[in-house]
Amino acid sequence: MAIQETDYDALFSRYSATNKGYLEDEYLAELLQSLIDVAPLSAQSPHQQMNTKRKLLRMKKSIKMPIINRGTFLRTVAIDSVIESFLDSFPNEKTQVVSLGAGSDTRVFRYSDRPNLKWIECDFEQTVKLKKCAILNSRKLRTCIGINEELPANHEEFKSCSPTIDTPSYLLHALDLNELTDFQQLNISDAPTIVLAECVFCYLPDSTCNNILSLLNSSLSNCSFLIYDPMGGEPTDNFGKVMVNNLAQRNISMPNLMKYGTLDAQNARFQALGLNLNAALATIDHVMETWLSREELARISKLEFLDELEECKLLFKHYCLIVLFKGWKPEQNFQVRTIAKSNDE
Ligand SMILES: C[S@@+](CC[C@H](N)C(=O)[O-])C[C@H]1O[C@@H](n2cnc3c(N)ncnc32)[C@H](O)[C@@H]1O
């Protein structure tokens, strides 16, 4: 399915940004190589198996433009920073991060030394199975997660293996988000929770996003959301139209790119749901301008030559970070803050 392939876009972008020195991630190269090694398990014939591996090796070699590396860096550090702010608000309590459409995200490994934290991930079955196999195939990742199962030996075993990993600190399971009807499908407890949707809501219909938000908000006593998505801009803006056309060529659609094209439209969207959550919203351009220290900005500016700074700013204005929260407060500088009426955060 084309939509699952978007995970590879995110993975290889992170790989490129790490290779160029923007990000440090001791698990990324290991996960990526392990995914390449196990990917043939998902294909039936030897020919398809070879093609699957070749395609990933080709993607691994592809060079990303400096503007993409910088965007990947900003997206990653911005999300990390809000997650850390959430975790630091509950230093002595059990906490949960629920990552929807987690794909090949490495945060579960990167945050594995946090005490009292349970990391829950879901995605389509095929994606989840491959991630599980990649973990089983790597001693480093297996040890980090603390599992010891046999890796499927061939396609038949892959087809019949369980996609689930279930340890005290990690739950990985298969779920089509369009089919979420009961929060218990996610196996969440009532500990303070932040639900991460990193570049996922943009691929889902409104009805699915609203259902996820309402269901989790009403089922858990302390649930916040962290959403990162592209935005199409104002109706007259060309950015969204170009993006929609490019994606259509790959058979991928972003149903709400234009409908929620600006921060104000995104804010109105979430306020209309009446979730009684506070909201904080910022574009990634704003993150670049105000969240990074002068030293960090100077460091990344030296990594690659980037002459189109205006183009860069314009691109980053089309990506947003949204936190819907209660029971704690993200300390970062946001452009829009809306306080829920009966919530005095
Ligand atoms: C652009 S990738 C982002 C992956 C990851 N969140 C990241 O940022 O690295 C989008 C992910 O959402 C997943 N996804 C899209 N629609 C989904 C659905 N209906 N149910 C479960 N996962 C879905 C895709 O399989 C893919 O892994």
Global geometry of segment 153-237, whether rounded, prolate or oblate, following the gyration tensor of its Cα atoms and the 1.5 cut on a/c: oblate
Residue-wise HN-Hα coupling along segment 163-176, computed from phi with Karplus coefficients 6.51, -1.76, 1.60 (Hz; x: Gly, Pro): x, 8, 10, 9, 10, x, 10, 8, 10, 10, 8, 7, 7, 7
Alpha carbon convex hull of segment 2-338, volume per residue in cubic angstrom: 134 Å³
Under 5 Å, built H, 5+ apart or other chain: amide partners of residue 106: none
Among the listed pairs 94/118; 94/129; 20/60; 53/140, those beyond 18 Å (Cα-Cα): 94/129; 53/140
Gain on full stretching of the segment that runs from residue 80 to residue 182 - 0.36 nm per residue minus C-alpha separation: 33.9 nm
All aspartates and glutamates inside 15 Å of residue 317 as judged from Cα atoms, apart from same-chain residues fewer than 8 positions distant: 229, 234, 237, 264, 285, 289, 308
Cβ charges +1 (Lys, Arg) and -1 (Asp, Glu), total dipole of segment 2-338, debye: 560 debye
Span-rule helices in the chain, defined as complete DSSP H runs reaching 27 Å or more along the axis (Cα) with Kyte mean at least -0.5: 66-88
Segment 228-333: relative contact order in percent, alpha carbon pairs under 8 Å with at least 6 residues between: 36 percent
Hz values of 3J(HN,Hα) by residue in segment 272-281 - Karplus curve (6.51, -1.76, 1.60), Gly and Pro given as x: 5, 7, x, 7, 6, 10, 6, 10, 9, 9
Reach of residue 329 by Cα under 18 Å, taken over aspartates and glutamates that are not fewer than 8 positions away in the same chain: 80, 84, 88, 93, 344, 345
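No lab work stands behind these numbers, since they all come straight from the coordinates. Keep in mind that what you see is a predicted model, and the values were worked out from it rather than measured. Please note: Cβ atoms are built from the backbone with ideal geometry, for glycine as well, and neighbour counts cover all protein chains shown.
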